[in-house]
Amino acid sequence: MLAAHPGQTVADLQQLVVVVAGRAQQRIAERLVALHVEVGEPIRVLAAKPDALLAYDNVRIGELQAEALSEGLKEDGGPKDPIVFQNGEPGNPEQHQFKKGAHDKLAAAKVEIALEFFIPFWSPEGARAKMRRAIRKLGSNGFAGVYAETDGIAEGAIAAMRSAGIDPTDRPPTGRDATVRGLRRVLRGTQSMTTYEPIEPEVTLSAEIAMELAKGSVSQDRITRMVASPAAKVPSVLLEPMVITKDNIKQTVIAEGYVSASKLCAGSFRPDCEAAGIPAPREEARDGAR
């Protein structure tokens, strides 16, 4: 996410306020330096209204998750039964965006929601407890699938299904974040998919938008839509997330260096990787996921 005062010059770019969440921070700083801009502390949190927002589209993430779930239900001849819907942290300001995207697509596919929960702090244990409650209420055969907002929530839902004697490969939940544990479950078939937000487009566009802001404003051709913030609506460049399944792990997160084959395929996950066409070195530390 980027912000700057209109009218700054490129020479003043070291004063530009750049707000970036997560793992792209260092890469964006490096890219600004590569553009021959002297940057002191280019990345820091900004409480005020930004002049531009660069982020992955959270509504689209919810849509992609719901599309994957509804397509899976169609392949099984459904939806014959409703689903269990597990949201993330209720206090997360982005929560309503994931939920809106997913709800809209599920409604369009005529997928009904039997029970819906919020999972504080995205806790796998919290998700497990809520899923166990859902199974007790609906019965083992009373739901067709599970929408899980994150990989961690999927992990908890899977654990609850297993404890109830349900094979999660029959009803693999969705996920988000492309964690190593989540990717391993996708390979094994206990989780249907996860979503991935490539770093490189975020890095490249952040640097380019920073340069534009320093000169005055972001090009209108870049703006995807206006996104509401606590202060006002912000012109936003929203990037398209990627759906990761067993069929494209090798061509995406492995090929782009997001996770190494040796880490992903360690221990008992080596055969799963080989089945997906991912060659893995023999030696690596263990990091389980079922």
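Scanning the range 238-260 for residues that are within 17 Å of PRO279 (Cα to Cα) and outside any loop (DSSP other than H, G, I, E, B) yields LYS250, GLN251, THR252, VAL253, ILE254.
The criterion of being buried (at least 24 other Cβ atoms within 10 Å of the Cβ), touching a Phe, Trp or Tyr at 6+ places or on another chain (Cβ under 6 Å) and either modelled with pLDDT of 95 or more or not polar (S, T, N, Q) (or both) holds for THR150.
The numbered conditions (1) closer than 30 Å to ARG222 by Cα; (2) modelled with pLDDT of 95 or more; (3) over 22 Å from the mean Cα position of the chain (by Cα) are all true for LYS105 except (3).
Taken together, the criteria exclude LEU73 from residues that are in contact with a strand residue (DSSP E or B) (Cβ under 8 Å, 6 or more places away or on another chain) and not assigned by TED's automatic domain parsing to the domain that holds GLY152. For the range 200-219, the condition holds for at least one residue, the condition being that it is surrounded by fewer than 17 Cβ atoms within 10 Å (Cβ to Cβ), touching a residue at least 12 places away in the same chain (Cβ under 8 Å) and part of a loop (DSSP other than H, G, I, E, B).
Here ARG136 clears all of (1) in contact (Cβ under 8 Å) with a residue 40 or more places away in the chain; (2) exposed (fewer than 15 other Cβ atoms within 10 Å of the Cβ) except the condition numbered (1).
For the range 235-242, the criterion of a residue being free of Cβ contacts under 8 Å to residues at least 12 places away in the same chain and either within 30 Å of ILE135 (Cα to Cα) or surrounded by fewer than 17 Cβ atoms within 10 Å (Cβ to Cβ) (or both) is satisfied by no position. Evaluating PRO124 against the criteria (1) touching a residue at least 40 places away in the same chain (Cβ under 8 Å); (2) surrounded by 14 or more Cβ atoms within 10 Å (Cβ to Cβ); (3) under 22 Å from MET161 (Cα atoms); (4) not polar (S, T, N, Q) leaves one unmet condition, (1). For the range 76-109, filtered to residues that are among the charged types (D, E, K, R) and either assigned by TED's automatic domain parsing to the domain that holds MET226 or in a loop (DSSP other than H, G, I, E, B) (or both), the residue that is surrounded by the fewest Cβ atoms within 10 Å (Cβ to Cβ) is LYS80.
The values are calculated or read from the model by the stated rules, or taken from the named source; none is laboratory data. Keep in mind that this is a model prediction, so the values were computed, not measured. Methodologically, a virtual Cβ is constructed for each residue, glycine included, from the backbone with ideal geometry; neighbour enumeration extends over all protein chains shown.
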